[in-house]
Amino acid sequence: MDGSVAYLVAAVGCLVGVAGVVIAVVALARQRKRTGPAAPGDPFRDTDADALRGDPRTLKPGDIVEIRQVSYAIRGSVHLVEGAWSWAEHLLDDAGGAKRWLSVEEDPDVELVLWSAEPGATVTPGAPTLDFAGRRYSWEESGQARYSATGTTGLDPTGTVRYHDYRAQGGARLAFEAYGEAGWEVAVGEPLLRSEVMVYPQAGPDKVA
């Protein structure tokens, strides 16, 4: 009788152990299915620059960005999407009244351009080359993108924008943008080195100043 009881106890213990292993395996499988494989990272991404100088891809209204030792507050941001391509433009407040923008694009490395508006320009896009302010620019690309705006930009929250981009020797840019039904806005751009830009995040991840 005692032997039978001992056998039953041992059998029950084995069953409990097996059940525990099965539950653990199922739970692990569900966890893997829920989280999925980790997204592949860019092995050549300059993480040291991001750590030391901040990541310009995360800029948002309320942040401070220092460009060539001049500090700007970001008043508003425009995020643009065209097909599988996306980029951002940030309106800078330099306390001097000038309208300046910082564009951030990955192509595949991070490309930063500081733009200055040219409200008095009479040149229009479309030609293969354009002469403006003593420089000759060659057509680079054009298209239409969807945008969403946050903060203070002077734009509707969402909409579309048409654009034409030109480039001169040495990397100088000339851009034309038309938001919605508005006319062309002209800006000249100067490419920036990553080392010339420092990011100081100010607002929380879900906060817009």
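The values are calculated or read from the model by the stated rules, or taken from the named source; none is laboratory data. Note that the structure is predicted; figures quoted are calculated from it, not measured. Cβ: placed from backbone, ideal geometry, glycine included. Neighbour counts: every protein chain shown. Surface accessibility is based on the protein's heavy atoms, side chains included, excluding ligands, DNA and RNA. Shrake-Rupley method; radii C 1.70, N 1.55, O 1.52, S 1.80 Å.
Computed extension length for Glu196-Ala178: 3.6 nm, one decimal, from 0.36 nm per residue of separation with the Cα-Cα distance subtracted. Once you sort the root eigenvalues of the Cα gyration tensor of segment 68-143 as a ≥ b ≥ c, which label holds: rounded (a/c under 1.5), prolate (a/b larger than b/c) or oblate (the other case)? Note, shape of segment 68-143 comes out oblate. Counting 0.36 nm for each residue step from Thr124 to Trp139 and taking away their Cα separation leaves a gain of 4.2 nm.
Rounded to whole numbers, the Karplus 3J(HN,Hα) couplings from phi for segment 163-178 are 8, 9, 10, 10, 9, 9, 4, x, x, 4, 10, 9, 10, 10, 9, 9 Hz, using 6.51 cos²θ - 1.76 cosθ + 1.60 with θ = phi - 60°, and x at Gly and Pro. Paramagnetic label reach from Thr160 (point 7 Å along Cα→Cβ; backbone nitrogen cut-off under 19 Å): within segment 85-108, residues 85-87.
Overall, the anisotropy analysis places segment 100-209 in the oblate class: the square-rooted eigenvalues a ≥ b ≥ c of its C-alpha gyration tensor yield a/c not less than 1.5, with a/b not exceeding b/c.
Backbone phi angles across segment 78-91, fed through the Karplus curve with coefficients 6.51, -1.76 and 1.60 (θ = phi - 60°), yield HN-Hα couplings of 10, 9, 10, 9, 9, x, 8, 9, 8, 7, 9, 10, 10, 7 Hz in residue order; Gly and Pro are listed as x.
Residues in segment 100-113 carry Karplus couplings, in order, of 10, 10, 10, 9, 10, 9, 9, 8, x, 6, 5, 10, 10, 9 Hz; the curve used is 6.51 cos²θ - 1.76 cosθ + 1.60 with θ = phi - 60°, and Gly or Pro positions show x.
Amide H contacts for Gly54 (H built 1.01 Å from N in the peptide plane; partners 5 or more residues away or on another chain; cut-off under 5 Å): Val199. Backbone amide hydrogens, once placed in the peptide plane, bring Thr152 within less than 5 Å of Gly76, Ser77, excluding anything fewer than 5 places away on its chain. Surface composition of segment 57-126: carbon and sulfur atoms hold 48% of the protein heavy-atom accessible area at a 1.4 Å probe.
Placing pseudo-labels 7 Å out from each Cα toward the beta carbon at Ser148 and Asp55 gives an inter-label distance of 1.8 nm.
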